[in-house]
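Peer 1: Before anything else, here's the structure in question.
What follows draws every value from the coordinates through simple rules; no lab data is involved. Quick caveat: nothing in here was measured; it's all calculated off a predicted structure. Counting neighbours? That spans all protein chains shown, and the Cβs are built from the backbone with ideal geometry, glycine included.
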Amino acid sequence: MPSRRHVLCASAGVFGSLLAGCNGVPESAPSNLGGETTSVLPQQRHELPNGPKSPPEPPEAWTEKTAREYAIKYEERHIYNRLHTTEASDINVSCNVTKSEAINGGYRVVLLCGGAVYSEDKTTHGDYIGKPVTYLVGNGTAIRKESE
């Protein structure tokens, strides 16, 4: 059984690689995030799994706060759709931001989420504990990357 120290070191390595720019965002891109500057982030959106929830509307103005809120909504809807079944009567999902920062052309937001699914008769439930997820958001972009 690994010691607590080994688990903490491994966790730090995972978080470090997530936050060190290993998600494909060019390091040399311009850092101006104004509306007139073209975004270096690709104009693409992560597709949600099939289900009742649709992607959230992007904010009118991108700030670190709106980027955090948008990433939380996107991930909560992603998880909800993934957990949604005909047997599920109640799905609770909650995400928290562990890190956010301005990057070239948008924002990087790291989330950690959890939740629970309850059966229709409320006799059984399953807990969901997620891995850290990184979102790159801004100017029409919502790219999702799970930790490995």
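Peer 1: Could you list, bin by bin from short to long, the percent of Cα-Cα pairs of the stretch 63-148 in 5 Å steps?
Peer 2: Final binned percentages: 3, 15, 25, 20, 14, 11, 7, 4, 2, 0.
Peer 1: To continue, here is another question. Taking H as built 1.01 Å from N, whose amide H comes closer than 5 Å to the amide H of Lys99, not counting residues under 5 places away?
Peer 2: The list, which skips near neighbours in sequence, is Val110.
Peer 1: Further, regarding this structure: For the stretch 102-148, which trypsin sites (Lys or Arg not before Pro) pass both filters: DSSP loop (anything but H, G, I, E, B) and at most 12 other C-beta atoms within 10 Å?
Peer 2: For trypsin sites (Lys or Arg not before Pro) across the stretch 102-148 that sit outside H, G, I, E and B with at most 12 neighbouring Cβ atoms in 10 Å, the list reads Lys122.
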